[in-house]
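The values are calculated or read from the model by the stated rules, or taken from the named source; none is laboratory data. Since we're looking at a predicted model, the values are computed, not measured. Cβ atoms come from the backbone with ideal geometry, glycine included; neighbour counts cover every protein chain shown.
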Amino acid sequence: MPSREVKDRVKSLLESASDGVVANVATRLKGSLIGMQDDGWILLEPEIAPLLAAGYLWGHSSVFQKQEVAAHRREAIILILEAYPSGLQVCRSSMN
């Protein structure tokens, strides 16, 4: 995919993204996740690429940074706690 098309698609999804941010991602991921060819960028392992659906990025945890995985875990905990308004209880049993 040509660089200009990648930048345009990123900006259509994230308006605050600058051309420099997209270029920095390309530099950081070059050789590990993306490759550069004369006609543009290619995914080196397209089978592990995350998918964007309904405003969320879905993929294997290995494609996300530690902070992103931790944020997702916190959101999951909040959803679980909201599902039980009385709170979660931990019981301790003792064998007598």
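I'm told ALA76 meets every condition in (1) exposed (fewer than 13 other Cβ atoms within 10 Å of the Cβ); (2) touching a residue at least 40 places away in the same chain (Cβ under 8 Å) except one. Can you identify the failing condition by its number?
Here ALA76 clears every test but (2).
Could you grab me the full set of residues in segment 1-25 that are free of Cβ contacts under 8 Å to residues at least 24 places away in the same chain, closer than 17 Å to PRO46 by Cβ and not aliphatic (A, V, I, L, M)?
Of everything in segment 1-25, just one residue is free of Cβ contacts under 8 Å to residues at least 24 places away in the same chain, closer than 17 Å to PRO46 by Cβ and not aliphatic (A, V, I, L, M), namely ARG9.
Of these, SER62, SER86, SER32, which one is modelled with pLDDT under 85 and part of a helix (DSSP H, G or I)?
Going through SER62, SER86, SER32 in turn, just one is modelled with pLDDT under 85 and part of a helix (DSSP H, G or I): SER62.
Identify all residues within segment 14-26 that are part of a helix (DSSP H, G or I) and surrounded by 11 or more Cβ atoms within 10 Å (Cβ to Cβ); write none if there are none.
ASP19, VAL21, VAL22, ALA23, ASN24, VAL25, ALA26
Pairs needed: first member in segment 26-54, under 22 Å from LEU13 (Cα atoms) and touching a residue at least 12 places away in the same chain (Cβ under 8 Å); second member anywhere, in a helix (DSSP H, G or I) and hydroxyl-bearing (Ser, Thr, Tyr); C-beta distance under 8 Å; at least 6 residues apart or different chains.
That search, which allows pairs on different chains as well, returns ALA26/SER3; GLY40/SER3; TRP41/SER3; ILE48/SER62.
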